[in-house]
């Protein structure tokens, strides 16, 4: 029988935290994703780009296309690195010098690119120009997308189930990234349920007769 990852009490309610194993690639699910993540790997479907590769020639061709696009439009192309050892982690910086001796050399490599397209960035960030301020914001967005992607890859996606004192389920919600986030959202849901029950109780109270 499956068990919750953790269970705790809050304001008289029981909160169960469960892993959410039915989450699709967040880069593909979110229409507001800024980066075009071109990840070239035979075993992993991680990116959101239509530029796929089955051989080194494909990787070379796509890389040349991306570089030419950036030279023409002023868009930004950042390398993406992978550490593949008992799980997958992505980074915008090389893992060399950041891992135990030997690990980076054998288990990490550049696995692709992320394109910060000038026109798409201006549209999503409601900007008139692709200046340094907008480029900085775009980079922050990309780092946020990377964080979410790594959470998805590591299984750091959760849902909650809330039960009352009788063990009856009163609420549940899923697709939260990070344990702190799902805990806070579950507590907020309990607080909202308490306020709702309070308002309903007040509606059921008989009104006092008016005396002139």
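The values are calculated or read from the model by the stated rules, or taken from the named source; none is laboratory data. For clarity, every value in this text was computed on a predicted model and none was experimentally measured. So basically every Cβ, Gly included, is an ideal-geometry build from the backbone, and we count neighbours across all protein chains shown.
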- Task: Please state which of the following conditions residue 45 fails to meet, knowing it meets all the rest: (1) within 29 Å of residue 172 (Cβ to Cβ); (2) modelled with pLDDT of 95 or more; (3) not assigned by TED's automatic domain parsing to the domain that holds residue 166.
- Result: (2)
- Kindly check whether there is at least one residue in the stretch 93-104 that is closer than 20 Å to residue 140 by Cβ, within 22 Å of the chain's Cα centre (by Cα) and in the same structural domain as residue 146 (by TED's automatic domain parsing). yes
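Suppose the filter is modelled with pLDDT of 95 or more, under 19 Å from residue 19 (Cα atoms) and more than 25 Å from the chain's Cα centre (by Cα); does residue 187 pass it?
Criteria not met by residue 187.
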- In the stretch 5-44, which residues are out of contact with any strand residue (DSSP E or B) (no Cβ under 7 Å at 6 or more places or on another chain) and part of a helix (DSSP H, G or I)? 26, 28, 29
